[in-house]
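Structure first, commentary second.
The values are calculated or read from the model by the stated rules, or taken from the named source; none is laboratory data. If you're wondering where the values come from, they're calculated on a predicted model, not measured in any experiment. Positions of Cβ are generated from backbone atoms using ideal geometry, with glycine treated the same way; all protein chains shown enter the neighbour counts.
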Amino acid sequence: MNLEELRKKRPLVHHITNEVVMNFSANGLLAFGGSPVMAKEKEEVEEIARVAGALVLNIGTIRKEDIETMIKAGQAANKTGVPVLLDPVGAGATTFRKQAVQRIVKEVDVSVVKGNAGEIAALADIPLKVKGVDADEDGDAVEIAAEAAKRMQTMVVVTGKTDVVSDGEDFTTSSRGTPLLGSITGAGCLLGSIMAACMAIEKDKKGAALFALEFYNKAAERAETKAEGPGTFVPHLLDELAKAYD
């Protein structure tokens, strides 16, 4: 993964995403080096797919009418070879969310699915207790990632205390980051945006996902050393995302 190339090309990442996090995701992606577009009108998604480098589908604030738009955007991205990242936020919290995201996976060729253990387990019909939009600490993240990847035939990223990237055959783990990421809204959503930008540049999707995880968590760790709490953590995180690390 070549960060210098990414920042030179500034890939356009099309988001149909969580309305709560749009501003944070856009600013974070800009700091990292990508170019966000937040477009959810069904009539324009095919045009955007022709110029985008990647597509993020995030169901955080999904409504019934959004499902068709996400599918149309995903299928348009598939036709043009644009990688698709799916973030199944709160997939296990309600039947509506679970059915919506399972339909998206069925009708769109998703390149990477990223979520916490509860979300991924719900999406792939792997038994795991879920509370709200967050997973319990129970459950083997490695096992969930591997099994979900096999069932969905795609790359899966399970985030948590230990992050796991699996294609169903093998897996890689990472244990970096800071608890402060869990104290702000949209930390996981921004990770998805950054991961999608990396996928726009790097053909190796596993390599792109791992680079995004390591870079994002390293930036968060450095931001934590300068922050007094969640309020000051956010601007420091944006600053750190704009830097380059060895």
- Item | Residue list for segment 186-215, restricted to those being in a loop (DSSP other than H, G, I, E, B) and under 21 Å from ALA244 (Cβ atoms) | GLU202, ASP204
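Taking segment 43-58 only, how many residues are in contact (Cβ under 8 Å) with a residue 12 or more places away in the chain and surrounded by fewer than 16 Cβ atoms within 10 Å (Cβ to Cβ)?
From segment 43-58, those in contact (Cβ under 8 Å) with a residue 12 or more places away in the chain are 45-46, 48-58; that's our starting set.
Now drop any that are not surrounded by fewer than 16 Cβ atoms within 10 Å (Cβ to Cβ), which leaves 46, 50-51.
The qualifying residues number 3.
Can you confirm whether SER174 is touching a residue at least 12 places away in the same chain (Cβ under 8 Å), surrounded by fewer than 22 Cβ atoms within 10 Å (Cβ to Cβ) and in contact with a strand residue (DSSP E or B) (Cβ under 6 Å, 6 or more places away or on another chain)? Even if it seems obvious, please write down each step before you answer.
Values: touching a residue at least 12 places away in the same chain (Cβ under 8 Å): yes; surrounded by fewer than 22 Cβ atoms within 10 Å (Cβ to Cβ): yes; in contact with a strand residue (DSSP E or B) (Cβ under 6 Å, 6 or more places away or on another chain): yes.
Against the criterion (touching a residue at least 12 places away in the same chain (Cβ under 8 Å), surrounded by fewer than 22 Cβ atoms within 10 Å (Cβ to Cβ) and in contact with a strand residue (DSSP E or B) (Cβ under 6 Å, 6 or more places away or on another chain)), SER174 qualifies.
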- Note on the structure: Matching residues in segment 150-162 (touching a residue at least 40 places away in the same chain (Cβ under 8 Å) and not in a loop (DSSP other than H, G, I, E, B)) number 6
- Scan of segment 163-185 for residues that are out of contact with any Leu (no Cβ under 9 Å at 6 or more places or on another chain) and either in a loop (DSSP other than H, G, I, E, B) or of a type in the set (Ser, Thr, Tyr) (or both), ordered by number: SER166, ASP167, GLY168, GLU169, ASP170, THR173, SER175, THR178, SER183, THR185
- Of the conditions (1) within 30 Å of ALA219 (Cα to Cα); (2) in contact (Cβ under 8 Å) with a residue 24 or more places away in the chain; (3) assigned to a helix (DSSP H, G or I), LYS8 fails just one. Which one is it? (2)
- Please identify the pairs in which a residue from segment 223-246 that is part of a helix (DSSP H, G or I) has its Cβ atom under 7 Å from the Cβ atom of a residue that is exposed (fewer than 14 other Cβ atoms within 10 Å of the Cβ), counting only partners at least 6 apart or on another chain. PRO230/SER183; HIS236/LYS226
- Query: Condition test on LYS79, is it surrounded by fewer than 23 Cβ atoms within 10 Å (Cβ to Cβ), over 14 Å from GLY186 (Cβ atoms) and modelled with pLDDT of 95 or more?
  - Reply: yes
- Could you list, in sequence order, all residues of segment 17-57 that are at pLDDT 95 or above, within 12 Å of the chain's Cα centre (by Cα) and farther than 20 Å from PHE215 by Cβ? LEU55, LEU57
